[in-house]
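As structure tokens, the structure follows; a few thoughts come after it.
Each value in this text was obtained by applying a stated rule to the coordinates, not by laboratory testing. Given the structure is predicted, the values throughout are model-derived calculations rather than measurements. Every residue, glycine as well, gets a Cβ built from its backbone with ideal geometry; the counts of neighbours run over all protein chains shown.
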Amino acid sequence: MKTGIVIKSVGSRYRVLFSDGSTADCLLRGKMRVRDVQTTNPVAVGDNVIVDPDRDEKTGLITDILDRKNYLLRKASNLSKQSQIIAANLDQLLLMLTIILPETRIEFIDRILATAEAYRIPASLIFNKTDLYGHDETMEMENLISVYSAIGYYCLSLSLTKGTGLEEMKEIMKGKISLISGNSGVGKTTLLNILDPSLKLKTAEISDYHKQGKHITTFPEMHKLPFGGFAIDTPGIRGFGVVDLERNEIYHFFPEIFKTSKHCKYHNCLHLDEPGCAVRKAVELGEINSSRYRSYLSILNDENTKYR
Ligand SMILES: Nc1nc2c(ncn2[C@@H]2O[C@H](COP(=O)(O)OP(=O)(O)O)[C@@H](O)[C@H]2O)c(=O)[nH]1
Ligand SMILES: [Mg+2]
Ligand SMILES: [Zn+2]
């Protein structure tokens, strides 16, 4: 028996990396107890698994999954009740975004951050393509950096084309399992290729964005970084729904709203139009950013948000 970490799913097989650097493509043992029947994939990248290797050690059977520190889910499809585990045991989520080409919507940022909070995964904001920014874009980035750092999110600006910010980027990724998320076209794959030139992953031309289908079912792959740690790219994943939340729980995942909510008159305040709501007051006073509050309302009122 050996312990390893799942780095890729290949059909019904899972590629497992062992501490000596070797890998094996493994099937799940038929009788393996699967804890969560609501997911389409019982094993995901980042899972630590016990493997019973075959003779040649190139294949084997996964006989058990070790307890997960955390995991991220997305709904398998809009109609499905099932969800897919995107990845497990994440140390951090790095949300890559760009002010232009493409423009990243604030609500998209806040949805991803709230999801990370819900799954207790520390998140940082990585602003890429700064080489394309003029005065207005730079101002907008600085504004977002001040909003999000005040809440407690680490922010970094980057130009992968010029290489600025790259050393800081390596520093925060070193020795950790990082999920790189963000809209298509922001530079996620470019980053991985720079961190490990041997990967030679395919990057997309900007004109290709619209060609990307809505229901790409590719599974994420985990790449070992030459300086230690792993990075998971999320191709075709446009965002992850905030799944399995109570309606009155959403604001827990907006740290600054949660903090202020302790001063609301009613303990079950949803911060809509209840009397004595400290959150609304803080928004009026500019202590809570109004776009963050709008994102909160939008998640709360989104019929696609699945409530328990
Ligand atoms: N100008 C500029 N272009 C970049 C930068 N980083 C990536 N790109 C380009 O943006 C496009 C999309 O990058 P890609 O890595 O495929 O994005 P992904 O969809 O997030 O994986 C490619 O043409 C890259 O060459 C950057 O810092 N500046
Ligand atoms: Mg990509
Ligand atoms: Zn309130």
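A few comments on the model shown:
- Rotationally averaged projected area of the range 124-170 (alpha carbon convex hull; nm²): 3.1 nm²
- The chain: most fluctuating residue of 180, 151, 109 per GNM, C-alpha cutoff 10 Å: 151
- Positive-end ranking of 101, 114, 149 along the dipole of the chain, with charges on Cβ about the Cα centre, is headed by 114.
- The chain: antiparallel DSSP beta bridges as a percent of all, rounded to 5: 55 percent
- Amide H contacts of residue 69 (H built 1.01 Å from N, in plane; Pro and chain starts excluded): 89 sit under 5 Å, all sequence-distant by 5 or more or on other chains.
- Across the alpha-carbon atoms of the range 247-301, the computed radius of gyration and Dmax are 9.7, 25 angstrom.
- Each residue of the range 94-111 is assigned a 3J(HN,Hα), and the resulting list reads 9, 8, 8, 9, 9, 6, 9, 6, x, 7, 9, 6, 4, 5, 4, 4, 5, 5 Hz, derived from the Karplus form 6.51 cos²θ - 1.76 cosθ + 1.60 (θ = phi - 60°), x at Gly and Pro.
- Most positive-pole-ward Cα, 70, 268, 291, against dipole of the chain from beta carbon charges: 70
- Computed from phi, the 3J(HN,Hα) profile of the range 44-54 under the Karplus parametrisation 6.51, -1.76, 1.60 (θ = phi - 60°) reads 9, 4, x, 5, 8, 10, 9, 10, 9, x, 6 Hz, with x in place of Gly and Pro.
- Amide H to amide H, with H built 1.01 Å from N, residue 154 comes under 5 Å of 125, counting only residues 5 or more places away or on other chains.
- 30 Å Cα-Cα threshold exceeded, pairs from 2/174; 129/259; 58/202; 75/162; 129/202; 188/259: 129/259; 75/162; 188/259
- Placing dummy labels 7 Å off each Cα toward the beta-carbon, the span from residue 164 to residue 285 is 3.7 nm.
- Positive-end ranking of 11, 87, 278 along the dipole of the chain, with charges on Cβ about the Cα centre, is headed by 11.
- A simple spin-label model places the labels of residue 300 and residue 248 1.3 nm from each other, with each point 7 Å out along Cα-to-Cβ.
- Counted by neighbouring Cβ atoms within 10 Å, the residues 222, 1 run from fewest to most as 1, 222.
- Mean residue ellipticity (222 nm) of the chain, computed from DSSP H runs ≥ 4 via -39,500 (n - 2.57), nearest 500: -7000 deg cm²/dmol
- Choice from 162, 129, 75 with maximal GNM fluctuation in the chain (Cα, 10 Å cutoff): 162
- A Cβ-based charge dipole, computed about the Cα centre of the chain with Lys and Arg at +1 and Asp and Glu at -1, lands at about 920 debye.
- Between residue 54 and 59, 60, 61, the built amide H atoms are under 5 Å apart, and every one of these is 5 or more places off in sequence or on another chain.
- Computed Kirkwood radius, in angstrom, where 1/r is averaged over Cα pairs of the range 2-67: 11.6 Å
- Backbone phi angles across the range 219-227, fed through the Karplus curve with coefficients 6.51, -1.76 and 1.60 (θ = phi - 60°), yield HN-Hα couplings of 9, x, 10, 9, 10, 7, 8, x, 9 Hz in residue order; Gly and Pro are listed as x.
- Just so you know, the Cα atoms of the chain work out to an Rg and Dmax of 20.6, 69 Å.
- Among the cysteines of the chain, those whose beta-carbon sits 4.7 Å or more from every other cysteine beta-carbon are 26, 155, 277.
- Once the convex hull of all Cα atoms in the range 72-233 is built, its volume per residue stands at 120 Å³.
- With the simple model of a label 7 Å out from the Cα in the direction of the Cβ, residue 204 to residue 103 spans 1.9 nm.
- R0 of 45 Å, Cβ-Cβ distance residue 66-residue 267: FRET efficiency to nearest 0.05: 0.75
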